[in-house]
Amino acid sequence: MVWLSRIFNFYLDASIHVAFAVISLLLITNLYLNILPDHHLLLFVFFGTIPTYNFIKYGVGAKRYFLVKNSYHKQIQVFSLIVLALAGYHFFFLSYAVWFSCFVMALFIVLYALPVSPKHKNLRSIGILKVILVALVWTGITVIIPVISSAISFSWDIWLQILQRFILILILLIPFEIRDLEYDELNLKTIPQRIGVSQTRNLGMLLSLIFYLITFLKDELSRLEIIGNTILFLILIIMLLMTHRNQSKYFASFYVESIPICWLGILVFLQSYI
């Protein structure tokens, strides 16, 4: 069973699981807004997420990333280059408007990963700004870009969808922020460093309630969205109650990142009965 463990760890370490989470959120946007999936966009986002996340995780120091000595990281690097080529292929089938949106998202990612001033190595070294930037990028990729790709107008309901997605990503980042307390430098001033673990969980619960209540502000609201968001709200509360400083190895990196995937599965199942 050692080989199975290695495959699973590579699946997580190479950011494949993250890519499935991102693509799940994009498909949920399609489902809620009745947008027909664009397979080129889906494949571009899936394949593009993997090298992007891997570069941020392993290559913030560019020299360290391109001159890899560790054989395991070399495997991840080669895999990342292959899927980057696949992402590039599908990128050329997208519209100019989507291209522009992707370049804006890429700019945010560059600001997140690379040095922006002598004082701050990059924007992810600024605690609160880090989570805001991550939430903006995930929201842009999983809601704004599919809306632009489908050429529909930004209605009141879509703006609420954008706000909900931004809040959802902030909530999902909380277990990671609490987990990283052990490794983060004190000058980062992350949310758990500022207000403590308990208050950070309480903040997450408040955000979960806000996320859920926004659902009922929409002009057009389906039973699928009401039931789906109710189930997600309960899942988020359970997740926050289970979040502690001393987490299991896979709690954040697998179970928390599985929530969008499970949410999509629940919605697809419910769609058959509603």
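Every number in this text was worked out from the coordinates using simple rules, so none of it is lab data. Treat the numbers as computed from the prediction; the structure is a model and nothing was measured. Note that each Cβ is placed from the backbone with ideal geometry, even for glycine, and that neighbours are counted across all protein chains shown.
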Protection proxy ranking, peptides 1-9, 85-93, average beta carbon neighbours within 10 Å, highest first: 85-93, 1-9
Let's test the formula: R0 of 35 Å, r as the Cβ-Cβ distance of residue 205 and residue 248. What FRET efficiency results, to the nearest 0.05? 0.95
Which label marks the calculated value of Rg/Rh (Cα atoms, Kirkwood Rh), given the options (i) 1.05; (ii) 0.97; (iii) 0.95? (iii)
222 nm [θ] for the chain, helices only, -39500 (n - 2.57) per DSSP H run of 4+, per residue, to 500? -23000 deg cm²/dmol
For region 42-57, Karplus couplings with θ = phi - 60° (6.51, -1.76, 1.60), whole Hz, Gly/Pro x: 4, 6, 5, 5, 4, 5, x, 5, 4, x, 5, 5, 5, 5, 5, 6
Cα→Cβ-extended label distance, 7 Å offset, between residue 6 and residue 108, nm: 3.8
For region 158-169, in order, what is each residue's ³J(HN,Hα) by Karplus, 6.51 cos²θ - 1.76 cosθ + 1.60 with θ = phi - 60°, in whole Hz (x at glycine and Pro)? 5, 5, 5, 4, 4, 4, 4, 5, 4, 5, 4, 5
How much length is gained if the chain between residue 129 and residue 157 is pulled fully straight, taking 0.36 nm per residue apart and subtracting their Cα-Cα distance, in nm to one decimal? 7.4 nm
For the chain, the dipole about the Cα centre with charges only on Cβ (Lys and Arg +1, Asp and Glu -1), to the nearest 20 debye, works out at 960
Which peptide among 240-248, 50-58 comes first, and what is the full order, when sorted by highest mean count of other Cβ atoms within 10 Å? 50-58, 240-248
Normalised by the number of residues in region 2-271, what is the relative contact order in percent for Cα pairs under 8 Å and 6+ residues apart? 21
